[in-house]
Amino acid sequence: MKIVVVGGVAAGMSAAARARRLDEFAEIVVLERGHHVSFANCGLPYHIGEVIADRSRLLVQTPKSLRDQLDIDVRVGVEAVGIDRSARTVRARDVDSGAEYDEPYDKLILTPGAEPVRPVLPGIDLPAIHVLRRIGDMDVIKAAVDGAGATAGVRHAVVIGAGYIGLEMAENLHERGVAVEVVEMADQIMPALDRELTTTVENYLRAHDVALHLGTAAAAFTERPDGRVRVELKNTTVIDTDLVIMAAGVRPSTALAVAAGLEIGPRGGITVDRHMRTSDPDIYAAGDAVEVEHTVLPGTWLIPLAGPANRQGRVAAENVCGRDTVYESTQGTSIVKVFDMVAGGTGASEKQLVAAGIAFDAVQTHPHGHAGYYPGTAMMHVKVLFAPGTGRILGAQIAGFDGVDKRLDVLATALRAGMAVYDLETLELSYAPPFGSAKDPVNMIGFVASNTLRGDLTLWHAGDYPQATDGARIIDVRGPEEFALWHLPGADNVPLETLRVAQADWDRGTPIRLYCAVGFRSYLAYRALVQRGFTDVSTLSGGLTTFRAYHGVAPSDLDAPTPVISYASASPVPSSAPATSTGVLVDLDCTGLACPGPIMKLQDAVLALAPGDEIVAHVSDAGFRLDAPAWAARNGHEILSLVPEGPGYAARIRKGAPAVATGAAVSGAASRMKDKKSFVVFSGELDKVLAAFILANGAVAMGDEVSMFFTFWGLNALRRENPPARTRSRMDRMFGAMMPSGAESLKLSTLNMLGGGTMLMKKVMKDHQVPSLTELIASAQTAGVRLVGCTMTMDLLGIAPEDLIAGVELGGVATFLGEASESNGAFFI
């Protein structure tokens with residue numbers, strides 16, 4: 001039997017080698033149009049980056065070694081240009097000489113691979129624009145980067161496409177000292193993954209000074225007089241560069257199959273059955289050019305990956321040699337390294353499941369790669385998609401640093417085996433502190449998913465915001481320090497440690513939406529509330545870490561994605577002034593600590609320092625890049641540098657100097673003061689509250705910012721006349737009966753005369769067209785006056801948030817002091 005294989009890389013050489021092992025006497029010929037065979041094409045970017053210094057290590061085999069070891073006739077530089085199916089011959093052409101001949105076959109295996117996409121654009125054929133598919137491509141790009149003699153190497157490059165190859169090229173060019181800008185048509189890098197899994201990787205790229213142009217594409221290329229290339233993007237951005245790498249994807253190389261009349265699938269690839277047989281029983285096909293079944297999704301798919309290509313070539317060879325072997329499906333398991341970060345997925349993504357109309361549930365967690373107390377770990381983002389009811393795993397994605405690959409492989413194996421999330425709970429995986437945790441991240445995601453299926457946990461998701469919180473009370477169960485840095489709008493801060501006491505008088509029927517940093521504390525809060533009779537409670541999957549990744553939330557002074565919606569965060573309240581360096585430098589190890597650990601440890605360390613002293617904090621939490629600037633701005637410290645370091649960042653921070661009201665510091669204190677007035681309304685008497693609102697409305701009319709803090713009896717002015725019904729304790733009912741219920745029920749401080757004086761005052765005000773207290777309150781709110789109710793007083797007097805008029809914020813002493821520290825006038829009434 002004579003077997004001819006067209007294509008000599010992954011699928012082709014796998015097929016040829018397997019055929020020889022099964023049939024020692026078959027004549028096997030491989031036609032490869034390139035000048036190298038069986039090379040490691042996945043390693044090409046790493047030779048350009050000089051991670052793989054020895055070029056020869058990419059050449060796994062040569063025609064001579066294949067002849068010597070396997071007796072395979074490998075012909076490089078020979079292209080198959082036609083197939084005569086009736087004569088069972090392949091028309092072959094020597095690419096160097098142009099000579100052609102016919103090569104007969106008994107069985108033909110097509111593995112032509114895929115071709116890089118080169119969009120039809122002006123200037124696309126300029127010599128500085130390259131693709132990376134073969135050894136020759138690599139040699140040309142590396143020579144350009146290296147430079148030669150008096151010719152300087154590439155100093156700037158544009159990579160078109162932010163898929164895995166594009167990102168690998170961006171990293172390796174950067175490692176060679178090349179400034180890199182990446183252009184991606186989608187609004188995210190790695191479009192194969194769901195959006196929230198890519199946000200951290202995008203921020204990590206930016207932190208390494210790799211510029212990202214997302215949601216746009218190349219429009220044209222022009223050559224400049226100096227030999228450089230001008231890249232014009234569809235969003236009108238113009239980039240001048242030395243080198244362009246086209247990494248915009250691949251398309252199946254099917255011209256030979258189409259010309260031969262073989263059946264082509266709906267996605268443009270060669271149609272094969274599960275034996276890798278084409279529509280011609282004597283022709284098989286494998287690799288990037290064929291369509292195969294997906295493990296999860298319906299229909300056939302083009303999935304150009306090296307692992308599946310090798311297995312498909314093996315299956316084709318086995319069937320050619322008389323065995324009955326089937327290739328069942330491809331699940332698309334893939335992974336990429338971006339500097340020290342790793343991201344990948346297996347099975348279907350959420351986007352694909354939605355497009356296919358497949359029902360699914362999702363859970364997200366943020367565990368560490370190994371035990372947090374052992375150095376060198378960082379938080380990862382794990383997402384698992386599964387079928388409602390059965391819990392069968394449909395897909396998984398992970399982004400992080402240490403241990404991502406082995407967790408992804410476990411989840412890929414579980415998906416291939418048809419496991420459910422229940423099975424993840426029971427997997428027994430290797431553990432020692434340097435390698436994992438006693439409850440492995442795979443176990444943990446299984447626990448969370450299984451809890452949702454068993455009814456032990458109800459989730460709301462970042463993608464459901466804000467609809468998921470409409471009409472609900474939002475409870476942030478983190479600590480006050482975390483809450484002050486950033487929180488969801490309208491959220492109440494009820495730390496987990498105080499929740500069991502605080503919930504005593506809450507309405508059990510009011511919908512409650514919980515969240516914390518990563519979902520664990522809010523899960524504990526959820527269990528505490530539902531067992532106390534709360535009927536509509538859910539917790540945010542993955543916590544604020546997932547939420548911020550999904551929505552691209554970041555402080556506005558960072559070069560991170562612009563928030564897609566408006567969010568509340570604590571206003572920066574500098575407590576210090578700039579300080580000159582004292583020369584003292586403290587090294588602070590915060591690695592292994594999850595949020596808010598780094599910020600809390602940093603805060604404690606700063607308290608022991610003098611103004612001008614500096615700290616270099618080493619943090620392995622990727623979220624520190626967002627939290628550190630917010631913390632420093634709020635506390636008046638200066639971030640001198642914030643640079644990537646392993647899985648996290650190294651931040652150099654200088655402590656600010658306390659502001660004083662004498663000498664040179666007067667101007668500093670004055671700069672903190674604003675045209676702002678702060679009121680404490682302690683009194684609940686009509687005339688005093690009227691005076692407070694008259695002053696407040698006057699101040700806001702003069703252009704001042706105004707905040708009013710209502711405590712003790714002053715809160716009565718903000719009570720509703722007819723609050724919603726709720727369960728109250730006996731003491732609360734007593735207080736409620738004794739206190740006035742709203743602005744219309746307040747009495748005068750003097751001359752009340754059993755209510756007669758109050759009625760007279762209201763009439764005089766009306767006669768003189770002076771607004772009533774109710775109207776003054778409404779006017780103040782319309783003008784932007786902040787009305788803040790004291791939570792401590794509310795607890796003492798049994799006043800619930802729903803007892804107050806709409807628009808009242810809740811706060812404590814720190815809220816008022818923060819406002820007062822920025823004000824140039826504070827009043828106690």
- Note on the structure: When Thr545 is run through (1) modelled with pLDDT under 95; (2) assigned by TED's automatic domain parsing to the domain that holds Trp506; (3) closer than 19 Å to Gln467 by Cβ; (4) among the hydroxyl-bearing types (Ser, Thr, Tyr), the failure sits at (3)
- Counting only residues that are out of contact with any strand residue (DSSP E or B) (no Cβ under 9 Å at 6 or more places or on another chain), among the polar types (S, T, N, Q) and within 14 Å of Lys677 (Cα to Cα), the range 692-725 contains a total of 0
- Can you find a residue in the range 267-276 that is of a type in the set (D, E, K, R), in the same structural domain as Val6 (by TED's automatic domain parsing), surrounded by 16 or more Cβ atoms within 10 Å (Cβ to Cβ) and in contact (Cβ under 8 Å) with a residue 24 or more places away in the chain? no
- Look through the range 643-658, keep the residues that are in a loop (DSSP other than H, G, I, E, B) and crowded, with 24+ Cβ neighbours inside 10 Å, and return whichever of them is nearest to the chain's Cα centre (by Cα). Pro647
- Task: Name the single residue, out of those in the range 711-763 being hydroxyl-bearing (Ser, Thr, Tyr) and part of a helix (DSSP H, G or I), that is nearest to the chain's Cα centre (by Cα).
- Result: Ser745
- Message: Just to be sure I understand, how many residues within the range 254-277 are under 30 Å from Leu353 (Cβ atoms) and either touching a helix residue (DSSP H, G or I) at 6+ places or on another chain (Cβ under 8 Å) or in a loop (DSSP other than H, G, I, E, B) (or both)?
- Response: 14
- Message: Within the range 113-127, does at least one residue satisfy the condition of being touching a Leu at 6+ places or on another chain (Cβ under 7 Å) and either at negative phi or not small (Gly, Ala, Ser) (or both)?
- Response: no
- Task: Those residues that are β-branched (Val, Ile, Thr) and within 15 Å of Asp405 (Cβ to Cβ), I need them from the range 321-377; list them, please.
- Result: Thr333, Ile335, Val336, Val338, Val342, Thr346, Thr377
- Which of the following residues is surrounded by fewer than 17 Cβ atoms within 10 Å (Cβ to Cβ), modelled with pLDDT under 85 and assigned by TED's automatic domain parsing to the domain that holds Val706: Ser772, Ser741? Ser741
- Query: So which residues in the range 584-608 are modelled with pLDDT of 80 or more, surrounded by fewer than 17 Cβ atoms within 10 Å (Cβ to Cβ) and not small (Gly, Ala, Ser), if there are any at all?
  - Reply: Val584, Leu585, Val586, Asp587, Asp589, Lys601, Gln603, Asp604, Leu607
- Take the residues of the range 792-816 that are within 36 Å of the chain's Cα centre (by Cα) and farther than 18 Å from Ile475 by Cβ: which is surrounded by the most Cβ atoms within 10 Å (Cβ to Cβ)? Phe816
- Scanning the range 696-722 for residues that are more than 16 Å from Thr793 (Cβ to Cβ) and either aromatic (Phe, Trp, Tyr) or modelled with pLDDT under 85 (or both) gives Asn697, Gly698, Ala699, Val700, Ala701, Met702, Gly703, Asp704, Glu721, Asn722
- Selected residue (only one of Ala207, Ala186 is buried (at least 19 other Cβ atoms within 10 Å of the Cβ) and out of contact with any Leu (no Cβ under 6 Å at 6 or more places or on another chain)): Ala207
- Tell me, which residue of the range 224-242 that is in contact with a strand residue (DSSP E or B) (Cβ under 6 Å, 6 or more places away or on another chain) and charged (D, E, K, R) is surrounded by the most Cβ atoms within 10 Å (Cβ to Cβ)? Asp242
- Does the range 332-351 hold any residues that are crowded, with 22+ Cβ neighbours inside 10 Å and farther than 18 Å from Ala162 by Cβ, and which are they? Thr333, Thr346, Gly347, Ala348
- Filter the range 91-118 for residues that are within 23 Å of Thr271 (Cβ to Cβ) and among the β-branched types (Val, Ile, Thr); which is surrounded by the fewest Cβ atoms within 10 Å (Cβ to Cβ)? Val117
- Task: Could you look through the range 20-68, keep only residues that are in a strand (DSSP E or B) and in contact with a Phe, Trp or Tyr (Cβ under 9 Å, 6 or more places away or on another chain), and pick out the one that is surrounded by the most Cβ atoms within 10 Å (Cβ to Cβ)?
- Result: Val29
- Query: Do you know which residues across the range 75-97 are part of a strand (DSSP E or B) and either in contact with a His (Cβ under 9 Å, 6 or more places away or on another chain) or not assigned by TED's automatic domain parsing to the domain that holds Glu32 (or both)?
  - Reply: Val76
- Message: Gly789 - would you say it is within 30 Å of Gly812 (Cα to Cα), in the same structural domain as Ser683 (by TED's automatic domain parsing), exposed (fewer than 13 other Cβ atoms within 10 Å of the Cβ) and modelled with pLDDT of 80 or more?
- Response: no
- Message: Among the residues in the range 519-538, are any of a type in the set (Val, Ile, Thr) and within 17 Å of Gln364 (Cα to Cα)?
- Response: no
- Message: It is to be established whether one or more residues within the range 523-545 are assigned to a helix (DSSP H, G or I) and on the phi > 0 side of the Ramachandran plot.
- Response: yes
- Task: Please state which of the following conditions Phe483 fails to meet, knowing it meets all the rest: (1) under 24 Å from the mean Cα position of the chain (by Cα); (2) in a loop (DSSP other than H, G, I, E, B); (3) among the hydrophobic types (A, V, I, L, M, F, W, C).
- Result: (2)
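Quick grid of which residues meet (1) assigned to a helix (DSSP H, G or I); (2) under 17 Å from Leu718 (Cα atoms):
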position	(1), (2)
Lys766	yes, no
Ser779	yes, yes
Ile799	no, yes
Gly807	no, yes
Ala826	no, no
- Item | Subset of the range 682-697 (residues that are of a type in the set (Gly, Ala, Ser) and part of a loop (DSSP other than H, G, I, E, B)) | Ser683, Gly684
- Message: Quick check on my filter: what residues within the range 452-479 are in contact (Cβ under 8 Å) with a residue 60 or more places away in the chain and in a helix (DSSP H, G or I)?
- Response: Thr452, Leu453, Ala462, Gly463, Ala468
- Exactly one of Tyr422, Tyr374 is among the aromatic types (Phe, Trp, Tyr) and in contact with a helix residue (DSSP H, G or I) (Cβ under 7 Å, 6 or more places away or on another chain), and that residue is Tyr422
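The values are calculated or read from the model by the stated rules, or taken from the named source; none is laboratory data. Since the structure is predicted, the reported quantities are computational estimates derived from the model, not experimental observations. Cβ atoms come from the backbone with ideal geometry, glycine included; neighbour counts cover every protein chain shown.
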